[in-house]
Amino acid sequence: MFTTGIFKAWLSMGDAVAAAQLSTCLLGFVVVVLALERASRSRAAYHGDARVATLRPQRLRGARAARSRFAACAAPVAARLRCCRRWFCCSAWPGQERAAARRALAALVAQQLRARGADRG
């Protein structure tokens, strides 16, 4: 979790220079990895086999179609909720800050639920 270190240096320690240095190192690492990937792909050779039949799309019906649609719609939402939960509850936050973040999240959720109840009622 290199990015956590960047945010700790910047926000917790108040050292913007250290955060900038760490982020520059991370950016350099990403550039090197991308260059290595591009170099490895440039030497790749692809060939097709004429004997392999092409796959045709298959229409799903009934329960399989419903499950597939639900999974396709629910997966991004579940991933986003998991990220939010990790952000507010992870160990990167010190004890008191973590408790304050949990209280703020609970208050936000309660406020949204009250607002929805007022809209419906």
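So the values come out like this:
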{"read-out": "Residue within region 55-67 that is more than 23 Å from residue 3 (Cβ to Cβ), at pLDDT below 80, surrounded by fewer than 11 Cβ atoms within 10 Å (Cβ to Cβ) and not assigned by TED's automatic domain parsing to the domain that holds residue 11 present", "value": "yes"}
{"read-out": "Residues of region 95-104 classified as surrounded by 10 or more Cβ atoms within 10 Å (Cβ to Cβ) and at pLDDT below 80, total", "value": "6"}
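The values are calculated or read from the model by the stated rules, or taken from the named source; none is laboratory data. Source: prediction; values computed, not measured. We place every Cβ from the backbone using ideal geometry, glycine too, and count neighbours over all the protein chains shown.
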